[in-house]
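**Student:** What follows is a single structure, and I will ask about it in a moment.
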Amino acid sequence: MIGRTPRWIVPIVGLIAMIWIVPIIGLLVTSIRPISEIILGWWSIQEFTLTLDAWILVWDKYPLAYAFWISCKIAIISTIIPMLLAPAAAYAFHFLKFRFRRLILILIINAFVLPNQVVIIPLFRLWRDLGMIDNIWSVIIPFAGLSFAWAVFLVKNYLEDFPYELIEAAQVDACGPLARFFYIVLPNSLTPIAAVGILQFMWTWNGLLLPVVFLRDELPLPALLARIQGVYDRNWDQVAVAAIITTIVPLMVFIIFQRFFTAGAQTKSGSKE
Amino acid sequence: MATLQLDKLKKCYGEVEVIENLELSIEEGSFTVFVGPSGCGKSTLLRMIAGLEEITAGELRIDGARVNDATPVERGVSMVFQNYALYPHMSVEKNIAFGLKMLGLPKDDIKRRVRAAAETLQIEPLLKRRPSQLSGGQRQRVAIGRAIVREPKLFLFDEPLSNLDAELRVTMRVELAKLHRQIGATMIYVTHDQTEALTLADKIVVLRDGKIEQAGTPMELYLDPANAFVAGFIGSPQMNFIPVTATGIDGGIRLKGSEMGNLDVVPVGQGWSKDMTLNLGVRPEHLQVGSDFPVKFDIAVDVVENLGGTRYVYGGTAGGHQVIAETRADAIPRPGDHLTVGFDPERARFFDQQGVRLRNALPS
Ligand SMILES: Nc1ncnc2c1ncn2[C@@H]1O[C@H](COP(=O)(O)OP(=O)(O)OP(=O)(O)O)[C@@H](O)[C@H]1O
Ligand SMILES: [Mg+2]
């Protein structure tokens, strides 16, 4: 029969799903079993005790709630900035004509090749001289700035396929450049903007290097996780708890917003195709 | 309503000149159609008039005022795009209202005008739908609705019917003609479908390579084409061109085709000379099957196209030229048949080797 799914698809997809899900189960199980049992392997079942000790301990000993709050602030602010600015920049570069357009674009896109490590030292000096160390903006600013390259690139690529007739129609309908952006381009670019938001949120939420270097007490979750890991040798249960708390938010963000990845461009409904 | 003057209008893309020193004036309330082969610059010219494309040189005047640098709104134009360009994220109602909203009209006014436009185009039941939930013809109506609701001085259409199927195209064509009569605004319409051009236009402008080949009423272009290009472009099927040679006679020219009898043109106008080779053009509808014509020749039938009321016979002459003749007789010729076809010399048009029309000195 045409269009029937071949049988081998199911086991293969199942296997891939297992590979992905086993570490998660491991993490969960580790967090709710005493350390003495985990040493034998989290999968061992000679003895099986459930305990919330690690959860309570971690919660008491570390400022988890505070770190969670810091993480939220950093990730949300560093995500909203490119979500707002990248479409505007992409629109300007793609649809408007102005001087030095290509040059500025190349400068921005060039940041693409700049990894976090490269900016750390110069930035560290700058922040120290400005007294910005342990201020979350010392992390937010480079997070947002470094994301700009790929965010603009991503949205601009999407706009390559944007039907130019819509923009012209808006022009005939009395829209200036700004109105065209807000009324026409923005509402039809939700897909790439959501993609920028999801990716940037996950990266900034999980970002470790910049927070560890620039922050002292205002630590976000991943930095705290690193600290928990460093204190004792055998506290895998506590590490697991911290890891779960750290992971849960990006996971939920992804599950809620993933439909934007599949939604696809719906801007081409204008004509009969 | 608006009058329009195009004065030495020019458009260059870098080095390439797409529109060359174009001169044209368009009367108030008229329906003007730009036709021409693909890539000749019809859309470019229309977009220059709309204000979507910069004018490289020359002057564009609407109602006598220079508008080269005016925005589309200041020019008072609306435009219907080939792919409709409906805003996909807005309902039909919002699509139509959008331009008015951007102009800052009061809500009640907008509502009333949208309602009136929807009524004119009979799309009231569709107002709440999204463009993706409409058929091609309905989208076309909405696109037209969006144009008329602004009550512009000048309507521009860029091949608005080319995405529709044949039947719908005929319906919409009739409705467009009705709409023009109803609102009486000046309209400019781009198409490469010459049936649309002939049926809709008050004035047809034939373009080729960014230049006007001829501008005039449909009948002027049909009966009195300025050159072989226009003669070939207007009319369907295409005009037959048969090479003939000229010999001098008293006060005129005698034409000899290799296979037909002599045809005397007396007196001749400018451009004629003895011993020249030229093309005789005669339309298929004037090249009739039958032998009671002053000029006639034989053809061998290749293909017959039966359109019901009339049939087009495609055949080759003894000299090896392909011609198309018409017959309304019930007897359908068959491939391989030999027929005599002929025409009234009045119907013949003459073009020199460069395609320039050669005229009789006086209309006889
Ligand atoms: N942005 C551009 N840059 C360079 N050349 C262009 C540009 N836009 C159009 N042209 C050229 O200008 C010429 C006229 O184009 P235009 O779109 O006006 O043709 P058209 O008559 O509308 O053709 P069609 O019937 O296929 O729509 C073409 O040769 C085209 O290649
Ligand atoms: Mg075109």
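The values are calculated or read from the model by the stated rules, or taken from the named source; none is laboratory data. Keep in mind that this is a model prediction, so the values were computed, not measured. Please note: Cβ atoms are built from the backbone with ideal geometry, for glycine as well, and neighbour counts cover all protein chains shown. Just the protein is used for accessible areas: all its heavy atoms, side chains included, with ligands, DNA and RNA removed. Shrake-Rupley method; radii C 1.70, N 1.55, O 1.52, S 1.80 Å.
**Student:** Find out how many positive minus negative residues lie around B:K211, taking Lys and Arg as positive, Asp and Glu as negative, among other residues whose Cβ is under 14 Å from that of B:K211.
**Tutor:** 0
**Student:** Here's a follow-up. Can you grab the distance from the C-alpha centre of segment B:307-364 to the C-alpha centre of segment B:163-242, Å, no decimals?
**Tutor:** Rounded to whole Å, the Cα centres lie 22 Å apart.
**Student:** What does the charge count around A:T51 come to, taking other residues whose C-beta lies under 14 Å from its C-beta (Lys +1, Arg +1, Asp -1, Glu -1)?
**Tutor:** Its environment carries a net charge of -3.
**Student:** Can I ask one more? What distance in nm lies between label points placed 7 Å from Cα along the C-beta direction at B:N306 and A:D217?
**Tutor:** According to this spin-label approximation, the distance is 9.8 nm.
**Student:** Read phi for every residue in segment B:329-340 and hand back ³J(HN,Hα) as whole Hz from Karplus 6.51 cos²θ - 1.76 cosθ + 1.60, θ = phi - 60°, with x for Gly and Pro.
**Tutor:** Per residue, the Karplus-derived 3J(HN,Hα) values read 5, 6, 5, 8, x, 10, x, x, 4, 10, 10, 9 Hz.
**Student:** Once you have a ≥ b ≥ c as the square roots of the Cα gyration tensor eigenvalues for chain A, tell me rounded if a/c is under 1.5, and otherwise prolate or oblate according to whether a/b is larger than b/c. Don't skip to the end; give the middle numbers.
**Tutor:** On the way: a/c = 2.93, a/b = 1.45, b/c = 2.02.
Oblate, because a/c is 1.5 or more while a/b does not exceed b/c.
**Student:** As a test of the formula, what do you get for chain A when each DSSP H run with n ≥ 4 contributes -39,500 (n - 2.57) and the sum is divided by the residue count, at 222 nm and rounded to the nearest 500 deg cm²/dmol?
**Tutor:** Value at 222 nm, helices only: -22000 deg cm²/dmol.
**Student:** Hey, another quick one. Under 5 Å between amide hydrogens, which residues at least 5 positions from B:L154 or on another chain qualify, with H placed 1.01 Å from N in the peptide plane?
**Tutor:** Here the answer is B:S78, since their amide H atoms fall under 5 Å of that of B:L154.
**Student:** Now a separate question. Counting only protein heavy atoms and rolling a 1.4 Å probe, how much accessible area do B and A lose on contact, total for both sides, in Å² to 100?
**Tutor:** So the total buried area for this chain pair works out to about 2200 Å².
**Student:** Okay, moving on. Using R₀ = 56 Å, calculate the FRET efficiency as 1/(1 + (r/R₀)^6) where r is the Cβ-Cβ separation of B:S135 and A:E47; round to 0.05. If you can, show how the numbers build up before the last one.
**Tutor:** Details: r = 69 Å, r/R0 = 1.23.
Once rounded, the FRET efficiency stands at 0.20.
**Student:** Moving to a separate point now. Quick one: length gained pulling B:I183 to B:S291 fully straight, 0.36 nm per residue minus the C-alpha distance?
**Tutor:** 33.9 nm
**Student:** Could you state the accessible area per residue of the protein assembly as shown in Å², with a 1.4 Å probe and every protein chain left in place?
**Tutor:** 50 Å²
**Student:** Work out which residues of segment B:64-92 lose at minimum 50 square angstrom of accessible surface when the other protein chains are put back, relative to the chain isolated, with a 1.4 angstrom probe, and list them by number.
**Tutor:** B:F81, B:N83, B:Y87, B:P88, B:H89
**Student:** Work out, step by step, the length gained on full extension between A:Y164 and A:I121: first 0.36 nm times the residue separation, then minus their alpha carbon distance; give nm to one decimal.
**Tutor:** 11.1 nm
**Student:** Continuing with the same structure: Between segment B:7-48 and segment A:7-72, what's the alpha-carbon centroid distance in Å?
**Tutor:** If we compute the Cα centre of each part, the gap is 71 Å.
**Student:** Let me ask something additional. Going down the table (B:K11/B:K178; B:K8/B:K178; A:K97/B:K10; B:K10/B:K178), which pairs top 25 Å between alpha carbons?
**Tutor:** B:K11/B:K178; B:K8/B:K178; B:K10/B:K178
**Student:** What length, rounded to one decimal in nm, is gained on full extension from A:N157 through to A:V10, with 0.36 nm per residue of separation minus their alpha-carbon distance?
**Tutor:** Result: 49.5 nm gained on full extension.
**Student:** R0 = 25 Å: FRET efficiency of A:W20 with A:A226, Cβ-based, nearest 0.05?
**Tutor:** Working: r = 24 Å, r/R0 = 0.95.
Calculated value: 0.55.
**Student:** Grab the other residues whose beta carbon is less than 13 angstrom from that of A:P192, score K and R as +1, D and E as -1, and report the net.
**Tutor:** Details: positive: A:K156; negative: A:E160, A:D161.
My count for the surroundings of A:P192 gives -1.
**Student:** Quick one: accessible surface of B:E124, probe radius 1.4 Å, all protein chains present, in square angstrom to the nearest 10.
**Tutor:** 80 Å²
**Student:** List the residues of segment A:167-185 for which accessible area in the full set of protein chains is at least 30 Å² lower than for the chain on its own; 1.4 Å probe, protein heavy atoms only.
**Tutor:** Residues of segment A:167-185 that lose at least 30 Å² of accessible area once the other chains are added: A:E168, A:A169, A:Q171, A:V172, A:D173, A:A174, A:Y183, A:I184.
**Student:** What residues qualify as long-range amide H neighbours of B:R359, i.e. H under 5 Å apart, gap of 5 or more or another chain, H built at 1.01 Å from N?
**Tutor:** Here B:G269, B:Q270 satisfy the definition.
**Student:** Using all C-alpha to C-alpha distances in the protein assembly as shown, build P(r) with 20 Å bins and read off the rounded percent in each one.
**Tutor:** Using 20 Å bins, I get a P(r) of 14, 31, 26, 17, 9, 2, 0 for the protein assembly as shown.
**Student:** Over what distance in Å are the Cα centres of segment B:132-158 and segment A:116-152 separated?
**Tutor:** 51 Å
**Student:** Right, something else. Apply 1/(1 + (r/R0)^6) to the Cβ-Cβ distance of B:R334 and B:D165, taking R0 = 35 Å, and write down the FRET efficiency to the nearest 0.05.
**Tutor:** 0.60
**Student:** Then there's this: Of B:K42/B:K111; B:K101/B:K153; B:K128/B:K153; B:K203/B:K256; B:K42/B:K153; B:K203/B:K274, which ones are farther than 30 Å apart at the Cα?
**Tutor:** Exceeds cut-off: B:K42/B:K111; B:K203/B:K256; B:K203/B:K274.
**Student:** Carbon and sulfur together cover what percent of the accessible area of the protein assembly as shown at a 1.4 Å probe radius?
**Tutor:** On the way: 18510 of 31660 Å².
Here it works out to 58 percent.
**Student:** Right, another one. Can you list residues from other chains, or at least 5 along the same chain, whose modelled amide H is less than 5 Å from the amide H of B:E213?
**Tutor:** B:V206, B:L207, B:R208
**Student:** Step through the residues of segment A:154-170 one at a time and calculate ³J(HN,Hα) from phi using the Karplus curve (6.51 cos²θ - 1.76 cosθ + 1.60, θ = phi - 60°), rounding each to whole Hz and writing x for Gly and Pro.
**Tutor:** Result, ordered by residue: 5, 5, 5, 4, 5, 5, 3, 8, 6, x, 5, 4, 5, 5, 5, 4, 5 Hz.
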